[in-house]
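Okay, structure first, notes after.
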Amino acid sequence: MPSSPSSTVTFRRVPADFARRTIERFARRLQVEVAQGHPFDCLIAGDAELRRLNLKFLGRDYPTDVLAFPGPWPPAPGPYLGDIAISFPRARAQAGAFGHSPGQEVQILMLHGLLHLLGMDHTTDGGRMARAEKRWRGRLGLPNGLIERVRP
């Protein structure tokens, strides 16, 4: 049986010393464990690119930390879930504010985006996404995620 396509990570505007291979391995782990083998793609870029994407697709003229663009759901005809875009400058700033590494913050943002690709929406699902994110962060050894940070 052929293996499913691998999730890819594209790095733009990321320091040369950033642990790219660690993030690529994390994306493959998310694909296997969280997405049940369904691939996704992730772009890690600068604020300007996230701002352009946010404006073009959501009509919001400001940069943000993570965006998720689901592919066809349920995945048909292939298993592809969609795309995630992460702002590295925002990830670095948030990591500093919350006391962990930029790599961990990118992983938190990637998990958050993937849960959106899987059809979850923390603004409308009555806590389903928050519970899933907390459970997966525990399994993956990640610090507090986005949803917990904004909850009272």
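With the helix formula -39500 (n - 2.57) applied to DSSP H stretches of n ≥ 4, the chain reaches a computed 222 nm mean residue ellipticity of -14500 deg cm²/dmol.
Count Lys and Arg as plus one, Asp and Glu as minus one, and take only other residues whose Cβ is under 14 Å from that of F88; the net charge is then +1. Which percent of the Cα-Cα distances in the chain go past 26 Å? Counting every Cα pair in the chain, those more than 26 Å apart make up 21 percent. With the highest mean first, a sort of the peptides 51-63, 19-31, 107-119 on other beta-carbon atoms found within 10 angstrom per residue produces 107-119, 19-31, 51-63.
Each Lys or Arg adds one and each Asp or Glu subtracts one; over the other residues with Cβ under 13 Å from the Cβ of L55, this totals +1. Subtracting the Cα-Cα distance of K56 and S101 from 0.36 nm times their residue separation leaves 13.2 nm of extension gain. Pop a pseudo-label 7 angstrom from the Cα along the beta-carbon direction at both Q36 and K134 and give the gap in nm to one decimal. Going by the 7 Å Cα→Cβ label model, 2.4 nm. Each of F11 and A48 was given a label point 7 Å from its Cα along the Cα-to-Cβ line. The distance between the two points is 2.0 nm. In plain terms, the residue of V106, V34 with the fewest other Cβ atoms within 10 Å comes first and the most crowded comes last, giving V34, V106.
Laboratory data are not the source of any read-out in this text; all were calculated from the coordinates shown. Values in this document were obtained by computation on a predicted structure and should not be read as measured data. Reconstructed Cβ throughout: ideal geometry from the backbone, glycine too, with neighbour counts over all protein chains shown.
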